[in-house]
Amino acid sequence: MATYYRSINFAMLSCKERNIDFFESIIHSSDDAIISKTINGIVKSWNPAAETIFGYTAAEMIGQSMLVLFPPDRQEEENIIIEQIKQGKSVVHFETERLRKDQKLIHVSVTISPIFNNNRQVIGASKIARDVTARKQAESRLRESEERLALATIYNGVGIWDWNLTTGELVWDDSMFALYHIQRNNFSRAFDAWEKSLHPDDQGRCGQEINAAIYDNQPYQSEFRVVWPNKEERYIKAVAKVFRNKTGKPIRMLGTNIDITERKLLEDELKRQARMDYLTGVFNRGYFMQQAEHEFNRNARYGNDLSLLILDIDFFKQVNDNYGHKAGDTVLQKLAEISLRILREVDSIGRMGGEEFAILLRETRQDGAMEVAERLRESFANELVAIEDQALPVHFTTSIGLATLSIEDKSIGSLIKRADNALYKAKRTGRNKVCIAGN
């Protein structure tokens, strides 16, 4: 792959020769498929992530047409893409379907850019592809749920309630009893009978919203949780209108309820996917940085303690080279599993890229952070990771950099940089150790 990237003369590779290895390392460790092809669509390079996403090895794909990956009904897409590339135009965040080696259809988001020679002639294309199958499937299930919700409304799948504000009597139809799993003879027809069915954390807010609709003429539309007698929680969407007499006094509130549990769970799953690293199950870099920024600002304001660990697997490239990238993935997953087992619920761990992870230790001083870091380091070093199709397990160690928030840190970037420097010191001085920033 290195030879190919030299021959196509990327502008970014016109720097000194030593930067080529760094560039290749980025391609090698990327979670996205990075592929290059000729202007005729013949594959010239194929990184490890491309193997993972599409199932073909580099040896199987280099020299082959990209059409191998195209489903029969999408073959024409390649001609359209090549025509765009020939004109020097990029195709950005194009979502489509491709075929894996096992003939499984996957959804991918691709960005394809032209490769130019020194004369600004287009000689090929570079492609970055990301597997978005899980997100597309979740979105599809969400659409189906919303369609079922619409059909339920049309065909009377909605519970209707009528509350007499003068007498206090609350009347439910049969669908309401089904939504709340309450027997008709156990319902007192009083407002508190409904209120007792609500999740305790939602009761106060729901009461405020009801009062705002009745006394402040606010529109009423709410979502809340109810707790069935068997302790199962369900999500309800409620809409209502308040009726008033000629003097403006509220006399009646008429509304509907519908179960939106499936939709809410799907929405939660989409949110979870947006913030999680798909391979390890810990936070991705973007969401971890949001958490770190928020925690830095909060701790700087209130003077609380905060420590940061940055850790990196020692000689991780050798694991991939000796055992294959699937083994490397298993090691990354094992590191995340051990970390989540040792860390507290209030702590946060994120995958920063490749084999590097970061951990936020809330309200933790340097001595406490050192204790956690040593527990992690020792646990990793003592773990033997069983690898499929390998007779012997894999052993791995980590180097860890530790930094604790101090007055010299004016931003989260400063804290991260100090932890990073401590990590590099651990690498330089023998690996499989913890180094503290400034020590």
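Laid out as a table, the results:
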quantity	calculated
Residues in region 28-48 that a label on Ile123 would reach, taking backbone N under 13 Å of a point 7 Å out along Cα→Cβ	37-39
Over the chain, equivalent-ellipsoid semi-axes from the Cα gyration tensor in Å	51, 33, 21
Fluctuation leader among Ala403, Ala193, Ala50 - the chain, Gaussian network, Cα springs under 10 angstrom	Ala193
DSSP H segments from the chain that extend 15 Å or more along their own axis, Cα-based, with Kyte-Doolittle mean of -1.0 or above	18-29, 76-86, 133-154, 200-215, 325-342, 366-382, 412-428
Of all DSSP beta bridges in the chain, antiparallel share, percent nearest 5	95 percent
Burial ordering of Ile39, Ile310, fewest other beta-carbon atoms within 10 Å first	Ile39, Ile310
Most mobile of Asp305, Asp314, Asp192 in a GNM of the chain (Cα contacts under 10 Å)	Asp192
Within the chain: Cβ-based charge dipole about Cα centre, in debye rounded to nearest 20 (Lys, Arg +1; Asp, Glu -1)	920 debye
Between region 366-384 and region 220-279, the Cα center-to-center distance that results, in Å	44 Å
Sites matching chymotrypsin sites (Phe, Trp or Tyr not before Pro) across region 293-322 that sit in DSSP coil, with at most 16 neighbouring C-beta atoms within 10 Å	Phe315
Helical contribution to [θ] at 222 nm, DSSP H n ≥ 4, -39,500 (n - 2.57), averaged over the chain, rounded to 500	-13000 deg cm²/dmol
Two-site label geometry, Thr57 and Gln273: point separation in nm, points 7 Å out along Cα→Cβ	3.1 nm
Ala190 long-range amide H proximity, modeled H, under 5 Å	Leu170
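Readers should treat all values here as calculations from the given coordinates under stated rules, not as data from a laboratory. In this text, all values refer to a predicted model and were calculated from it rather than measured experimentally. With ideal geometry, Cβ positions are generated from the backbone for all residues, glycine too; neighbour counts draw on all protein chains shown.
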